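**Q** My questions all concern the structure below.
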């Protein structure tokens, strides 16, 4: 129980930290280069914000899942699925708007 909580908390906080680095420090070089190769230099701040927010949403969902698992809730999977889907939607919209597609 505690081990699962700690693993989920560490993974969630790591993804949040990665999202914040990309968002606030605009470190898009932490991503694969094909994810941002067609992003215009003037669009980097907006692109970094969208991708960073998406990653932070996913990380937050993982952290909340860890807390629910700590209390042995049967609905532990809801924040995981909602966070993952919401984060992917946010990042997909940013990828499509600023880069053209995920792998272009």
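**Q** What number of residues in the stretch 16-26 are farther than 26 Å from residue 80 by Cβ and surrounded by 13 or more Cβ atoms within 10 Å (Cβ to Cβ)?
**A** Within the stretch 16-26, residues that are farther than 26 Å from residue 80 by Cβ and surrounded by 13 or more Cβ atoms within 10 Å (Cβ to Cβ) number 1.
**Q** Test residue 49 against the criterion of being part of a helix (DSSP H, G or I), surrounded by fewer than 21 Cβ atoms within 10 Å (Cβ to Cβ) and modelled with pLDDT of 95 or more, and give yes or no.
**A** On the way: part of a helix (DSSP H, G or I): yes; surrounded by fewer than 21 Cβ atoms within 10 Å (Cβ to Cβ): yes; modelled with pLDDT of 95 or more: yes.
Yes, satisfied.
**Q** Still on this structure: Mind listing just one residue for me: the one in the stretch 68-83 that is more than 19 Å from residue 19 (Cβ to Cβ) and out of contact with any helix residue (DSSP H, G or I) (no Cβ under 6 Å at 6 or more places or on another chain) and, of those, surrounded by the most Cβ atoms within 10 Å (Cβ to Cβ)?
**A** Applying the first criterion (more than 19 Å from residue 19 (Cβ to Cβ)) to the stretch 68-83 yields 68-78.
Then keep just the ones that are out of contact with any helix residue (DSSP H, G or I) (no Cβ under 6 Å at 6 or more places or on another chain); that gives 68, 71-75, 77-78.
Numbers: 68: 19, 71: 9, 72: 8, 73: 13, 74: 7, 75: 8, 77: 12, 78: 14.
Among those that are more than 19 Å from residue 19 (Cβ to Cβ) and out of contact with any helix residue (DSSP H, G or I) (no Cβ under 6 Å at 6 or more places or on another chain), it is 68.
**Q** Could you check how many residues of the stretch 19-46 are closer than 30 Å to residue 1 by Cβ and modelled with pLDDT under 95?
**A** Residues of the stretch 19-46 that are closer than 30 Å to residue 1 by Cβ, as a first pass: 19-20.
Okay, now just the ones that are also modelled with pLDDT under 95, so none.
Here the count works out to 0.
**Q** I would also like to ask the following. Can you report the number of residues in the stretch 62-76 which are part of a helix (DSSP H, G or I) and at pLDDT below 90? Reasoning before the result, please.
**A** Keep residues of the stretch 62-76 that are part of a helix (DSSP H, G or I), which gives 62-70.
Narrowing further to those that are at pLDDT below 90: 69-70.
Within the stretch 62-76, residues that are part of a helix (DSSP H, G or I) and at pLDDT below 90 number 2.
**Q** Which of the residues spanning the stretch 27-46 are loosely packed, with under 15 Cβ neighbours inside 10 Å and not in a helix (DSSP H, G or I)?
**A** 27, 32, 37, 38, 40
**Q** Same structure, new question: Show the residue pairs that are 6+ apart or on different chains and have beta-carbon atoms under 7 Å apart, the first residue being within the stretch 74-98 and on the phi < 0 side of the Ramachandran plot, the second being at pLDDT below 95 and outside any helix (DSSP H, G or I).
**A** Matching pairs, first to second residue: 95/101; 95/102; 98/39.
**Q** Does residue 13 satisfy the condition of being part of a helix (DSSP H, G or I), surrounded by fewer than 16 Cβ atoms within 10 Å (Cβ to Cβ), modelled with pLDDT of 95 or more and on the phi < 0 side of the Ramachandran plot?
**A** Working: part of a helix (DSSP H, G or I): yes; surrounded by fewer than 16 Cβ atoms within 10 Å (Cβ to Cβ): yes; modelled with pLDDT of 95 or more: yes; on the phi < 0 side of the Ramachandran plot: yes.
Taking the combined requirement at face value, the residue satisfies it.
The values are calculated or read from the model by the stated rules, or taken from the named source; none is laboratory data. Just so we're clear, the structure is a prediction, and the values are computed from it rather than from any experiment. Cβ coordinates were reconstructed from backbone atoms using ideal geometry, including for glycine residues, and neighbour counts include every protein chain displayed.
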